[in-house]
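First comes the structure, then the notes that go with it.
The values are calculated or read from the model by the stated rules, or taken from the named source; none is laboratory data. None of these values were measured; they are calculated from a predicted model. Cβ coordinates were reconstructed from backbone atoms using ideal geometry, including for glycine residues, and neighbour counts include every protein chain displayed. For accessibility, only protein heavy atoms count, side chains too; no ligands or nucleic acids. Shrake-Rupley method; radii C 1.70, N 1.55, O 1.52, S 1.80 Å.
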Amino acid sequence: TPDPDVLLRLRDGRFEVAHLFAGFSRNPGGLALVGVAYLGLTLLLGLMIVLVLVIGLSVLAPDLNALDPDPLAMGLGEMGRLGPLMLALLLLSLVLGVPLMMAIFFAPALVALDSAPVGRALWFSLLGCWRNILPLSVFGLVALGLGVASLLTFGLALLVAMPLLTLALYHAYRDIYRC
């Protein structure tokens, strides 16, 4: 159950820096498990992509020495053989990577603020993102724009972008999960 004092301060609109770290004091083990689950699923995704790459290269180019290692020296015919493989890898990474990102997007907040078990938090995060895919896509585009702005300002825009994105993520969490 949430701390009544924290809820009272949130209703009053008072925000303290300690709120950013409150989740670590309430459920550090659950948050660590979310991180371990994310790491494990990311490694599994990477392993699958490498496996498809190895199988694809063995089918498309049985003699790996036949392909010139210098991409500039490769002919169009040699590069054309690798095109479908690269497209398959891109599609595989999107088909598996996007749901992984959706599952992890709200999971830390669900574990820290709602004390949800890790598996349930990952599932509800995936469902919440899926049901709100259009607004979250706009959120992603805005975040991408702020990221580009931070590159153009040598990271100075991160001083504004990171707190804004954190607050926007928290409000999206509250809207989606009706807290």
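Here VAL111 does not fit the description of being free of Cβ contacts under 8 Å to residues at least 60 places away in the same chain and within 21 Å of ALA168 (Cα to Cα). For region 141-168, a tally of residues being part of a loop (DSSP other than H, G, I, E, B) and not aliphatic (A, V, I, L, M) returns 3. State whether the residues of region 76-84 include one that is out of contact with any helix residue (DSSP H, G or I) (no Cβ under 8 Å at 6 or more places or on another chain), aliphatic (A, V, I, L, M) and modelled with pLDDT under 75. Among the residues of region 76-84, at least one is out of contact with any helix residue (DSSP H, G or I) (no Cβ under 8 Å at 6 or more places or on another chain), aliphatic (A, V, I, L, M) and modelled with pLDDT under 75, which makes the answer yes. In the set ALA161, ALA149, only one residue is in contact with a Leu (Cβ under 6 Å, 6 or more places away or on another chain), among the hydrophobic types (A, V, I, L, M, F, W, C) and touching a residue at least 12 places away in the same chain (Cβ under 8 Å); that residue is ALA161.
Any chance region 96-118 includes a residue that's at pLDDT below 85, in a helix (DSSP H, G or I), at negative phi and open to solvent by 60 Å² or more (accessible area, probe 1.4 Å)? Yes, some residue in region 96-118 is at pLDDT below 85, in a helix (DSSP H, G or I), at negative phi and open to solvent by 60 Å² or more (accessible area, probe 1.4 Å). Filtering region 119-135 to residues that are within 14 Å of the chain's Cα centre (by Cα), buried (at least 18 other Cβ atoms within 10 Å of the Cβ) and of a type in the set (A, V, I, L, M, F, W, C) leaves LEU122, LEU126, CYS129.
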